[in-house]
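A.B. asks: Quick one: the structure is below, questions incoming.
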Amino acid sequence: MVKLYSICVLYKGTESTRILKSAYDLQQFGYFQRGSIQEFMAFTSKIITERSNPCSRQSIKEQEYMCHVYVRADNLTGVAISDHEYLYRVAHNMLNKVLDDFTAKVPSHLWPNTEESMVPYPDLPATLALWQNPRDADSLTKVQEEVEETKIILHNAFTAVLERGEKLDDLVSKSENLSSQSKIFYKTAKKTNSCCSFG
Amino acid sequence: MEDATCERIIKKLDSLIRQDPLMDEFDIVFSPGEVNRSPVVSVEHKLGLESWCLKHVYAHAHANILKTRHSKRIQDPAPMLRWTQFCLLVAPEVATFWNIRKQLLQHGSLSVDADLHLTRLVLSRKPKCMEVFQHRKWLFHHILAPCPSLPSPPCAIDHHNGSGPDEEPNRRFLLGELEICRWTADKHQNNYHAWNHRLWVLQQLAERPLGLAEVCRAEYEACHRWVRTHVSEHSGLHYMQHLLATLVTLVAEGVLLNLAEAVPSATCPKDLYCTELEFNRNLIEQYPGHEALFCHRRVLLQRLQDILLHAAPLHRTASPPPPALKRSCVETVNGEWSTALLSERDLVNKCLQTDSYQKTLGERHAHWLSNVLAV
């Protein structure tokens, strides 16, 4: 499948990282799972931003997802979550465009301390919908300078970006942003795909 | 947990499903379990069941089904229907429960609509469940459109006898099945069973000439839209191969007047496959490294070869060759085939210039070209 699940714009502050704006397309997931999946995507976007250096581009594979992250020199960050087939070069092109657009519309003094709902940037859902079809959207940016493929670092697993001794399971159980239901979801989700299990 | 509590949960679930025909999703909600709260949740036509009660209630329902099943005659089918409904929502892979419902359907104790609704709910949670597709197929063949040769079951609804003007409801059912196949394939990657079901639906629709051209056109377009965003799924591509062959056969048999009715851009099978090869090539170049696309390409090439070199009718029928293949064309076809092969060589060369998995795939394709097509 060629699918884009989420785009987040974040600010990587010296003490904490916060999400400035986010958009999700989770229609294919069940109604009762969407909440937890959305929480997890936001959680992952934040963790990755915290562990990436400024001026870096990475694409990280985790299960059936790909997580693309771009931290700019001014600490404004874009994170996109897609599936494996979505071309990572295209995802990074999109992140470039989103961050440029965001900078043009939201003044930088608002970045460090604004709640997500107060950020005046309503364009993200439309961007997400447009880039679902990379063939259309990518040609729009063809004229602009493209991201050099060699600058994107590829990782095969999420553990590659975690710091030494860190474990995803611990991060999940310590997190305050995940509801207790989402934590149970995380523990059970691994088992659900087997054919005759109860849940 | 007491039996009475289990019964109460099962009944609650049943009444919610009955009262809301628009209910379109069922799922198991993970929760730590709270005392004194009903585990059944219903919001916005979505039905949820909290996980903590599952084990107890399932065991209760399961035991009761087995106990009742062995008694000679089921006095009151209602509890049996509720128990099987519950068990199937939780574990739709158990064929025994579906079979019990089939028996009850044939005895007229259960309406088709109830089971169509139940199967839909199950698919919303497990979109890749073969038994569910199987059950829907059975419902169609035995209840909705029973074969005239079979004695019709007592509960078959009168106006669904599968002939004449009464065909319309069946057609609508089949079109609805296409919609089900669409969203189940979207929900679960590599959903072989959904595509398999779709093949069956296509087969049924092909026997109903009324409005067939529109169905074929819609399928052709829908299939292309889908492949464009699912470049590594064999199931969808396999369906596409089947659809193309069906179109050609339908035209050859005279069911469709001409190919352009279904595919406006093609006038003969050769056009059809050349357009397909072009479409496939664009995808291969845009999304490097997907073997499914190459496998699909090979099928297309073989069919084009059949058309151009052997002028043989395609697959499954012994009907006369389509008009485009008659003798007058034969002189030019060898030229066309070599053009097609030249473009293959061009594609392989492009793949070999890359240094990713695409290169390996290009090498394999070259190998196949020389071994199978004997280029």
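A.B. asks: List pairs: first residue in region A:29-47 and under 11 Å from A:Tyr5 (Cβ atoms) and away from chain B (no Cβ under 14 Å), second residue among the charged types (D, E, K, R) and outside any helix (DSSP H, G or I) anywhere in the structure, Cβ distance under 9 angstrom, at least six positions apart or on different chains.
C.D. replies: Note: pairs meeting the criteria are A:Thr44/A:Glu62.
A.B. asks: Please tell me if B:Ser31 is more than 28 Å from the chain's Cα centre (by Cα), within 11 Å of another protein chain (Cβ to nearest Cβ) and part of a loop (DSSP other than H, G, I, E, B). Spell out how you get there, then give the answer.
C.D. replies: Values: more than 28 Å from the chain's Cα centre (by Cα): yes; within 11 Å of another protein chain (Cβ to nearest Cβ): yes; part of a loop (DSSP other than H, G, I, E, B): yes.
For B:Ser31, the condition - more than 28 Å from the chain's Cα centre (by Cα), within 11 Å of another protein chain (Cβ to nearest Cβ) and part of a loop (DSSP other than H, G, I, E, B) - is met.
A.B. asks: Of the residues B:Cys53, B:Cys6, which single one is within 14 Å of another protein chain (Cβ to nearest Cβ) and surrounded by 18 or more Cβ atoms within 10 Å (Cβ to Cβ)?
C.D. replies: On the way: B:Cys6 fails: within 14 Å of another protein chain (Cβ to nearest Cβ).
When all the criteria are applied, what remains is B:Cys53.
A.B. asks: Also, I was wondering about something else. Just to be sure, is B:Leu123 away from chain A (no Cβ under 14 Å) and either part of a helix (DSSP H, G or I) or within 30 Å of B:Ser235 (Cα to Cα) (or both)?
C.D. replies: Details: away from chain A (no Cβ under 14 Å): no; either part of a helix (DSSP H, G or I) or within 30 Å of B:Ser235 (Cα to Cα) (or both): yes.
Judged against the criteria, B:Leu123 is not a match.
A.B. asks: A further question follows. Read through the list (1) assigned to a strand (DSSP E or B); (2) open to solvent by 10 Å² or more (accessible area, probe 1.4 Å), then give the number of the only condition that A:Val79 fails.
C.D. replies: The number of the failed condition is (2).
A.B. asks: Kindly establish whether B:Leu272 is open to solvent by less than 10 Å² (accessible area, probe 1.4 Å), out of contact with any strand residue (DSSP E or B) (no Cβ under 6 Å at 6 or more places or on another chain) and away from every other protein chain (no Cβ under 14 Å). Break it down stepwise before answering.
C.D. replies: Details: open to solvent by less than 10 Å² (accessible area, probe 1.4 Å): yes; out of contact with any strand residue (DSSP E or B) (no Cβ under 6 Å at 6 or more places or on another chain): yes; away from every other protein chain (no Cβ under 14 Å): yes.
Criteria met by B:Leu272.
A.B. asks: Further question: Run down A:Val69, A:Val9, A:Val2 and say which single residue is of a type in the set (Val, Ile, Thr) and within 13 Å of chain B (Cβ to nearest Cβ). Show your work before the answer.
C.D. replies: On the way: A:Val69 fails: within 13 Å of chain B (Cβ to nearest Cβ); A:Val9 fails: within 13 Å of chain B (Cβ to nearest Cβ).
Just one listed residue meets the conditions, A:Val2.
A.B. asks: Could you tell me how many of the residues in region B:58-110 are of a type in the set (Gly, Ala, Ser) and in contact (Cβ under 8 Å) with a residue 12 or more places away in the chain? Break it down stepwise before answering.
C.D. replies: Step one: filter region B:58-110 for residues of a type in the set (Gly, Ala, Ser), giving B:59, B:61, B:63, B:71, B:78, B:91, B:95, B:108-109.
Filter again for in contact (Cβ under 8 Å) with a residue 12 or more places away in the chain, leaving B:61, B:91, B:95, B:108-109.
Summing the residues that are of a type in the set (Gly, Ala, Ser) and in contact (Cβ under 8 Å) with a residue 12 or more places away in the chain in region B:58-110 gives 5.
A.B. asks: Are any of the residues in region B:17-26 within 13 Å of chain A (Cβ to nearest Cβ) and among the aromatic types (Phe, Trp, Tyr)?
C.D. replies: Pass one, region B:17-26, residues within 13 Å of chain A (Cβ to nearest Cβ): B:23-26.
Restricting the remaining residues to those that are among the aromatic types (Phe, Trp, Tyr) gives B:26.
Yes.
A.B. asks: Taking only region A:92-108 into account, find how many residues are surrounded by 18 or more Cβ atoms within 10 Å (Cβ to Cβ) and touching a Phe, Trp or Tyr at 6+ places or on another chain (Cβ under 8 Å).
C.D. replies: Number satisfying all stated conditions: 7.
A.B. asks: Among the residues of region B:187-197, are any farther than 28 Å from B:Ser232 by Cβ, open to solvent by less than 40 Å² (accessible area, probe 1.4 Å) and in contact with an Asp or Glu (Cβ under 8 Å, 6 or more places away or on another chain)? First the steps, then the outcome.
C.D. replies: Pass one, region B:187-197, residues farther than 28 Å from B:Ser232 by Cβ: none.
Scanning region B:187-197, I find no residue that is farther than 28 Å from B:Ser232 by Cβ, open to solvent by less than 40 Å² (accessible area, probe 1.4 Å) and in contact with an Asp or Glu (Cβ under 8 Å, 6 or more places away or on another chain), so the answer is no.
A.B. asks: Within the group A:Cys67, A:Cys55, which residue is in contact with a helix residue (DSSP H, G or I) (Cβ under 8 Å, 6 or more places away or on another chain) and closer than 19 Å to A:Thr150 by Cα?
C.D. replies: Working: A:Cys55 fails: in contact with a helix residue (DSSP H, G or I) (Cβ under 8 Å, 6 or more places away or on another chain).
Step by step, each of A:Cys67, A:Cys55 is checked, and only A:Cys67 is in contact with a helix residue (DSSP H, G or I) (Cβ under 8 Å, 6 or more places away or on another chain) and closer than 19 Å to A:Thr150 by Cα.
A.B. asks: What is the residue count in region B:103-130 for residues that are open to solvent by 30 Å² or more (accessible area, probe 1.4 Å), touching a His at 6+ places or on another chain (Cβ under 8 Å) and polar (S, T, N, Q)?
C.D. replies: Qualifying residue count, region B:103-130: 1.
A.B. asks: For region B:1-28, which positions are without any contact (Cβ under 8 Å) to a residue 40 or more places away in the chain and not in a helix (DSSP H, G or I)?
C.D. replies: B:Glu2, B:Asp20, B:Leu22, listed by residue number.
A.B. asks: Collect the residues in region B:225-274 that are of a type in the set (S, T, N, Q) and within 18 Å of B:His197 (Cα to Cα), keeping them in residue-number order.
C.D. replies: In the first step, residues of region B:225-274 are kept if they are of a type in the set (S, T, N, Q); the result is B:229, B:232, B:235, B:241, B:246, B:249, B:258, B:265, B:267.
Residues satisfying the conditions are B:Ser235, B:Gln241, B:Thr246.
A.B. asks: Pairs, please: C-beta under 7 Å, at least 6 apart or cross-chain, first residue farther than 18 Å from B:Asp24 by Cα and in region B:165-181, second among the hydrophobic types (A, V, I, L, M, F, W, C) and crowded, with 17+ Cβ neighbours inside 10 Å?
C.D. replies: B:Asn170/B:Leu144; B:Asn170/B:Ala145; B:Leu174/B:Val201; B:Leu174/B:Leu205
A.B. asks: Which of the numbered conditions does A:Thr14 fail, given that it passes all the others? Conditions: (1) away from every other protein chain (no Cβ under 12 Å); (2) in contact (Cβ under 8 Å) with a residue 12 or more places away in the chain.
C.D. replies: Exception for A:Thr14: condition (2).
A.B. asks: Only one of A:Ser16, A:Ser82, A:Ser36, A:Ser56 is within 14 Å of the chain's Cα centre (by Cα) and small (Gly, Ala, Ser); which? Lay out the reasoning, then the answer.
C.D. replies: On the way: A:Ser16 fails: within 14 Å of the chain's Cα centre (by Cα); A:Ser36 fails: within 14 Å of the chain's Cα centre (by Cα); A:Ser56 fails: within 14 Å of the chain's Cα centre (by Cα).
None of the others qualify; the one that does is A:Ser82.
A.B. asks: Follow-up question, since we're still on this one. Does B:Asn282 satisfy the criteria of being over 26 Å from A:His84 (Cβ atoms), free of Cβ contacts under 8 Å to residues at least 12 places away in the same chain and open to solvent by 30 Å² or more (accessible area, probe 1.4 Å)? I'd like the intermediate steps shown before the answer.
C.D. replies: Working: over 26 Å from A:His84 (Cβ atoms): no; free of Cβ contacts under 8 Å to residues at least 12 places away in the same chain: yes; open to solvent by 30 Å² or more (accessible area, probe 1.4 Å): yes.
In short, no.
The values are calculated or read from the model by the stated rules, or taken from the named source; none is laboratory data. Computed from a prediction, not measured in an experiment: that's the story for all the values here. Cβ: placed from backbone, ideal geometry, glycine included. Neighbour counts: every protein chain shown. With ligands, DNA and RNA removed, areas are computed over all heavy atoms of the protein, side chains included. Shrake-Rupley method; radii C 1.70, N 1.55, O 1.52, S 1.80 Å.
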